[in-house]
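Notes for the one structure printed next.
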Amino acid sequence: MMKDLLPDLCDLYPELIQIAEPVFQSYGKRTCFYGQVVTVSCFEDNSRVRELVTENGQGKVMVVDGGGSKRRALLGDMLAEKAANNGWEGFVINGAIRDVQAQADLNIGIHALCAHPLPTEKRGLGDLGRTLCFAGIQIAEGDYIYCDLNGTLVSKQALTLPE
């Protein structure tokens, strides 16, 4: 797996991409990951994330808009492990995660704003499939997202990866 994917994609496809503001930190073992976007919109309630991680996530990245809240963690080690076991490529979370050390050992990509030890409330709230806007980008269900230590970028179409 290529370590510096984003610079090459920026060189090859400048007109096809949106680049997120550099607000995310990398937490998962997999520092380079990409896939088709599945969107979740939720605020301090990870009920929809909990549901999705049980589904087959092969070739997909869950993009979670938590409204930028840093007060509750939208992803912990048990949900991340379930996602990894079900083939998810990774997560991009506009919010916080917890169990940072445990997640660092999981073979999944995780970009999030920060860590916070408090879990979310489980009220069954949140929406799937919404178009999300955060970090200066717009992300729709079915878009493609590419992440590495250089950042996060989004494209409406799958990009051919450089050799």
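Before we move on, is LEU74 touching a Lys or Arg at 6+ places or on another chain (Cβ under 7 Å), hydrophobic (A, V, I, L, M, F, W, C) and either crowded, with 17+ Cβ neighbours inside 10 Å or in a helix (DSSP H, G or I) (or both)?
no
Could you please find all residues in the range 115-149 being on the phi > 0 side of the Ramachandran plot and over 13 Å from the mean Cα position of the chain (by Cα)?
Going residue by residue through the range 115-149, those that are on the phi > 0 side of the Ramachandran plot are 124, 126, 129, 135-136, 142.
Those that are on the phi > 0 side of the Ramachandran plot and over 13 Å from the mean Cα position of the chain (by Cα): GLY124, GLY126, GLY129, GLY136, GLY142.
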**Prompt:** Got at least one residue in the range 64-87 being under 23 Å from LEU6 (Cα atoms) and of a type in the set (S, T, N, Q)?
**Reply:** no
When the range 89-110 is checked residue by residue, the ones that are outside any helix (DSSP H, G or I), over 24 Å from GLY136 (Cα atoms) and touching a residue at least 40 places away in the same chain (Cβ under 8 Å) are ASP105, LEU106, ASN107, ILE108
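Conditions tested, residue by residue: (1) part of a loop (DSSP other than H, G, I, E, B); (2) of a type in the set (A, V, I, L, M); (3) touching a residue at least 40 places away in the same chain (Cβ under 8 Å); (4) closer than 20 Å to ASN56 by Cα.
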| residue | (1), (2), (3), (4) |
| --- | --- |
| GLY68 | yes, no, yes, no |
| MET78 | no, yes, no, yes |
| GLU81 | no, no, no, yes |
| ARG130 | yes, no, yes, yes |
| GLN138 | no, no, yes, no |
| TYR146 | no, no, yes, yes |
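Where a number appears in this text, it was derived from the coordinates with a stated rule and is not lab data. Note that the structure is predicted; figures quoted are calculated from it, not measured. Every residue, glycine among them, receives a Cβ derived from its backbone with ideal geometry; neighbour counts consider all protein chains shown.
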